[in-house]
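Input: a single structure, listed below in structure tokens.
Only the coordinates and a few stated rules stand behind these numbers; no lab work does. Keep in mind that what you see is a predicted model, and the values were worked out from it rather than measured. Reconstructed Cβ throughout: ideal geometry from the backbone, glycine too, with neighbour counts over all protein chains shown.
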Amino acid sequence: MASTRHLFGIVLDRKNHQENDQIIFFYSREAGRVEIMVRGRRKINSKLAPVIAEPFAALDLVVAPGRNNFHLIGGEVKKSFPGLYGSEAKIIRINALFKRISGLINNQSDQKIFPLMLKFLEKMEHLPEEKIGIVINAFLIKFLAFSGYCPQIKKCLICGKTPGGGEIIFDPVKGGIICSKHEREADADLHGIKINQGILDVLQNLLYRDFDALINRSFAPNDFSVAAKTLKEFFNWHLA
């Protein structure tokens, strides 16, 4: 039998394979994003199913290398977040988020992303539902930054100056903000998003402040809504 190894991480996504098997997309501390085949996962008497059954748990998996992916041999739950299970809203949002980021994660380990994921789940576990959007979007922009896609939201991409108020353009293609006086020069009408200083402040807070500070803050609903939309456009451009 091929040599086995331990991978510590979190299941990002799953897909069924053939009649009884399942492939999990697993973000591990040791190897980044990997695909793991779980033989017989969908059988009633599967011995491996309980290992990966608990949603969002941090798992220590024992795997063996195969031709196209790893094969699950065994494992155990190292840290779980049972406080999440009573909130359908949290489960739906986290599932959708992890599926989205799975497409951007590569197969190299990162010293920042895995701790970020654990901290995110810890904060989400007992979070009031009205704060879900704040923590979800904070995680997303921090994840993008750690993955090498950090948006430039401090200075204009063209002149390098800090915007002095008024209308600002966020260009998801170029990856940051553009002063209104450079709007024509940058052809920002093609894909730019018009924002104001309040929306920019929301984006800066989401990126640079920790989860605890953000949970205790309140944002103007319209500013936050546009900031979340802007972040979504930026993410979708890089995911495409």
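Here is how the numbers come out for the structure above:
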quantity: Amide H contacts of H17 (H built 1.01 Å from N, under 5 Å, at least 5 apart or other chain); calculated: Q22, I23
quantity: DSSP loop GluC sites (Glu not before Pro) with at most 11 other Cβ within 10 Å: longest gap in the chain; calculated: 20-184
quantity: Mean separation of Cα contacts under 8 Å (6+ apart) over length of region 150-239, as relative contact order %; calculated: 26
quantity: Cα-based shape type of region 5-126, given that a ≥ b ≥ c are square roots of the gyration tensor eigenvalues and the cut on a/c is 1.5; calculated: oblate
quantity: Mean Cα-pair separation over length for region 5-126, i.e. relative contact order, pairs under 8 Å, 6 or more apart, %; calculated: 26
quantity: For R33, residues with placed amide H under 5 Å, excluding near neighbours; calculated: S28, N106, N107, Q108
quantity: Relative contact order computed over the chain (Cα-Cα under 8 Å; 6+ residues apart), in percent; calculated: 14
quantity: Nearest-20 debye value, region 122-240 charge dipole, Cβ charges on Lys, Arg, Asp, Glu; calculated: 300
quantity: From phi via Karplus (6.51, -1.76, 1.60), per-residue ³J(HN,Hα) for region 36-47 in Hz, x at Gly/Pro; calculated: 10, 7, 10, 5, x, 4, 8, 7, 4, 9, 4, 7
quantity: Protection-proxy order for peptides 226-232, 136-142, each taking the mean of Cβ atoms within 10 Å per residue, highest first; calculated: 136-142, 226-232
quantity: Set of lysines with alpha-carbon distance to K194 below 26 Å, sequence-local pairs under 8 removed; calculated: K131, K142, K154, K155, K161, K174, K181, K229, K232
quantity: From phi via Karplus (6.51, -1.76, 1.60), per-residue ³J(HN,Hα) for region 109-124 in Hz, x at Gly/Pro; calculated: 5, 9, 7, 10, 5, 5, x, 4, 5, 5, 4, 4, 5, 4, 6, 5
quantity: 9 Å beta-carbon shell around G40, net charge (K/R +1, D/E -1); calculated: +4
quantity: Distant alpha-carbon pairs in the chain (separation over 24 angstrom), percent; calculated: 51
